[in-house]
Amino acid sequence: DPFGHFTTGGLVPGKYFVRITGSPTGWRFKTATHDGRDVADVPLDLRGDVNVVITFSDRWTSVRGTVVSSKGERDPDAIVLLFPIDAQQWTQTGINPRRLKSAAVTKTGEYGLASVPEGDYYLIAIPDKDADGWQDPKFLERLSGKAARIMVGDGEAKSQDLRTQEIR
């Protein structure tokens, strides 16, 4: 409505994530909070009427850089994966999790990840051929030992170059 309030109806009781796709032009979805919890990342147990505060920001976040092979050459055959340091955020994330992101590497060895929610992450480049099922928590655990750590703050555009890590 004109005051920024919204209502939705017809939802059956259960657990829901509150996520926004198609943010207004110039804005990015930042958080959806209920009782101090970000229900975009942790499901909301819907049992009747609740109040959720949705926050947008005009401060964009991103992570970008270049990827090189073990030989030091730009590696267009890699994929870059970003996932939270907090392993509890690797499971029960719903469809299209916000904090698990991947980016193809271009022919010139560059990658870019946009609208990264603020937080602490692992960042790793692996051969694209090895990336099937990369969101599996057991696979992420293996990757975490080889990954770089990166902290993304509100409105930050981070740059992080990577070397492709072989997965065995």
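Among the numbered conditions (1) free of Cβ contacts under 8 Å to residues at least 40 places away in the same chain; (2) assigned to a strand (DSSP E or B), the only one that Arg168 does not meet is (2).
The test for being open to solvent by less than 30 Å² (accessible area, probe 1.4 Å) and among the acidic types (Asp, Glu) holds for Asp75. Tell me, please, whether a residue that is among the hydroxyl-bearing types (Ser, Thr, Tyr) and out of contact with any helix residue (DSSP H, G or I) (no Cβ under 9 Å at 6 or more places or on another chain) can be found in region 116-127. Checked against the condition, which is being among the hydroxyl-bearing types (Ser, Thr, Tyr) and out of contact with any helix residue (DSSP H, G or I) (no Cβ under 9 Å at 6 or more places or on another chain), region 116-127 yields at least one hit. Residue check: is Arg59 among the charged types (D, E, K, R), open to solvent by 40 Å² or more (accessible area, probe 1.4 Å) and closer than 26 Å to Val80 by Cβ? So Arg59 passes the test. Count of region 104-135 residues, restricted to those that are within 30 Å of Gly72 (Cβ to Cβ), of a type in the set (Asp, Glu) and assigned to a loop (DSSP other than H, G, I, E, B), is 1. Just wondering, is there one or more residues in region 70-83 that are in contact with a helix residue (DSSP H, G or I) (Cβ under 7 Å, 6 or more places away or on another chain) and of a type in the set (Gly, Ala, Ser)? Looking for residues that are in contact with a helix residue (DSSP H, G or I) (Cβ under 7 Å, 6 or more places away or on another chain) and of a type in the set (Gly, Ala, Ser), one finds at least one in region 70-83, hence yes.
Each residue in region 19-38 was checked for being open to solvent by less than 60 Å² (accessible area, probe 1.4 Å), within 20 Å of Asp49 (Cβ to Cβ) and over 16 Å from the mean Cα position of the chain (by Cα), and 2 pass. Residues in region 42-56 that are closer than 21 Å to Asp86 by Cβ and open to solvent by less than 30 Å² (accessible area, probe 1.4 Å): Leu44 only. Residues satisfying the criterion are present in region 132-139 (criterion: under 30 Å from Gly14 (Cα atoms), in contact with a Leu (Cβ under 7 Å, 6 or more places away or on another chain), surrounded by 14 or more Cβ atoms within 10 Å (Cβ to Cβ) and of a type in the set (A, V, I, L, M, F, W, C)). Look at region 125-139: where a residue is farther than 17 Å from Val68 by Cβ and a partner is open to solvent by 70 Å² or more (accessible area, probe 1.4 Å) and in a loop (DSSP other than H, G, I, E, B), sitting 6+ places away or on another chain with Cβ atoms under 8 Å, you get Lys129/Asp77. When the residues of region 81-103 are filtered to those that are in contact with a strand residue (DSSP E or B) (Cβ under 6 Å, 6 or more places away or on another chain) and open to solvent by 30 Å² or more (accessible area, probe 1.4 Å), the one that is farthest from Gly119 (Cα to Cα) is Ser102. Looking only at region 120-136, residues that are within 27 Å of Val39 (Cβ to Cβ) and modelled with pLDDT of 95 or more come to 4 in all. Annotation: Gly94 fulfils all but one of (1) touching a His at 6+ places or on another chain (Cβ under 6 Å); (2) on the phi > 0 side of the Ramachandran plot; (3) not acidic (Asp, Glu); the unmet one is (1).
The values are calculated or read from the model by the stated rules, or taken from the named source; none is laboratory data. All values derive from a computational prediction rather than experimental measurement. Note that we place each Cβ from the backbone using ideal geometry, even for glycine, and neighbour counts take in every protein chain shown. In case anyone asks, the SASA skips ligands and DNA or RNA and just uses the protein heavy atoms, side chains included. Shrake-Rupley method; radii C 1.70, N 1.55, O 1.52, S 1.80 Å.
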